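The values are calculated or read from the model by the stated rules, or taken from the named source; none is laboratory data. Note that this is a predicted model, so its numbers are computed, not measured. Cβ: placed from backbone, ideal geometry, glycine included. Neighbour counts: every protein chain shown.
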Amino acid sequence: MASLAARATQVKMLRRMSCFSTSIASRVLSTRATSYTLNTGAKIPALGFGTFQDHDSQEDTVSLALQKGMRLIDTARVYDVEEQVGRGVKKSGIPRENIFIGTKLWCNDYHPDDVERAVDDSLRDLDTPYVDLLLMHYPCTFKRGPDRFPRDLDGRMVAGETTFLHTWKAMEKVTKTGKVKAIGVSNFSRGEINILINESSTVPAVHQMEVHPYLQQKGFNEWLQARGIHVVQFSPLGNMNDFYRQTGWSKEISHMMRVIDQPILKEIGQKYGKSPVQVVLAWGINSGRSVIPKSVVDWQIEENLAAHFELQPEDMAQIATLDAKARFNDPSLDYEWRLYGDLEGIDGTIRGKTH
Ligand SMILES: NC(=O)c1ccc[n+]([C@@H]2O[C@H](COP(=O)([O-])OP(=O)(O)OC[C@H]3O[C@@H](n4cnc5c(N)ncnc54)[C@H](OP(=O)(O)O)[C@@H]3O)[C@@H](O)[C@H]2O)c1
């Protein structure tokens, strides 16, 4: 097993070096500190670091990523890594005020009376007095209580009695305490975001959603941008995460060619002396979005950090042709909630069947 793993790493390294060997000078967008301004006036870095999975590695990788230059850390209550992230931040030695930390409320803590307590739990584990961003992880509400996935005797998820609008209003209140600097959402549809805009006094600062060359969501991205809602792309590398091949969420579609093997991306990468992964991340940044790739491998973290470069319009146009409207993250059936109802990439799942 060990030699297989070593061989895989060697192959990845060789692949990376072959991309670098045809290097031409690529224009750097600015620096690793490239950032956008949220509708709150705060800055959010373009390049960030995801922390879903690999609990045991997160303390060291978060610390390493920060030391190498990452300044945006994305986590969530349900990832069960907030303690590790908090320790990683401390270990890095980077001052807290120089780091943008975002976490997410989980669906069993959506009752308005639970929201501030849930934030306190996250702050305690993250060992920080505030988070820069608090997101609602999904629009669906689960039964309140300690069980994160409350199911009935038939195994079906039990819904909560309040809606995401009630949760949102409770999140608005928490911003007044200083424990949360900005609030936003994740995995919402256009209609669901419209409800927040029309029925509360806060426009979400961020929508964190699945965006990659296989699911570009051009119209929705423009719609969000027009409303001043900054997009953070999750799973920016598409189906690179094996999780999507293992879960039934994303049907057969997750078995399509991995981003790293995509010939168009390889060709573009060779022009700039960059890898396909770097091209994909640069595409997101060149489109005005933040990207939060996850990695626990040192050289991959470095590679991801070197993804700030300007892509020429013809290369952006080439990447646009890869839009297969392939959505990999769709737990609608399990969560008993038709997610993304008015968005692209749910064909074949309209009657609630995701797998
Ligand atoms: N809001 C939501 O509902 C939601 C959903 C999903 C994800 N997220 C957030 O988004 C983050 C990223 O999404 P993700 O983890 O699904 O997918 P991702 O970042 O697109 O892909 C992760 C996979 O790509 C590999 N990888 C990373 N950099 C690489 C490189 N330079 N070369 C080759 N392979 C590379 C990683 O390998 P190794 O693991 O071996 O390092 C891992 O297998 C998550 O960690 C989480 O913070 C949010």
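Quick look at the values:
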read-out	value
Breaking point among (1) surrounded by fewer than 24 Cβ atoms within 10 Å (Cβ to Cβ); (2) of a type in the set (A, V, I, L, M); (3) near the ligand (Cβ under 10 Å from one of its atoms); (4) farther than 14 Å from E210 by Cα, for A307	(1)
Residue check for Y138: under 16 Å from P331 (Cβ atoms) and crowded, with 22+ Cβ neighbours inside 10 Å	yes
Test: residue in segment 87-99 that is of a type outside the set (K, R) and either within 11 Å of the ligand (Cβ to nearest atom) or within 17 Å of the chain's Cα centre (by Cα) (or both)	yes
D261, sole failed condition from (1) closer than 23 Å to A317 by Cα; (2) buried (at least 20 other Cβ atoms within 10 Å of the Cβ); (3) within 13 Å of the ligand (Cβ to nearest atom)	(2)
Members of segment 200-258 found to be within 12 Å of the ligand (Cβ to nearest atom), assigned to a loop (DSSP other than H, G, I, E, B) and hydroxyl-bearing (S, T, Y), listed by number	Y214, S235, T247, S250
Single match in Q278, Q318 (criterion: more than 19 Å from the chain's Cα centre (by Cα) and either in a helix (DSSP H, G or I) or within 16 Å of the ligand (Cβ to nearest atom) (or both))	Q318
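Conditions (1) surrounded by fewer than 21 Cβ atoms within 10 Å (Cβ to Cβ); (2) aromatic (F, W, Y); (3) at pLDDT 95 or above, marked per residue:
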residue: A46; (1), (2), (3): no, no, yes
residue: V62; (1), (2), (3): no, no, yes
residue: G88; (1), (2), (3): no, no, yes
residue: I94; (1), (2), (3): yes, no, yes
residue: F100; (1), (2), (3): no, yes, yes
residue: L105; (1), (2), (3): no, no, yes
residue: D109; (1), (2), (3): no, no, yes
residue: D113; (1), (2), (3): yes, no, yes
residue: R117; (1), (2), (3): yes, no, yes
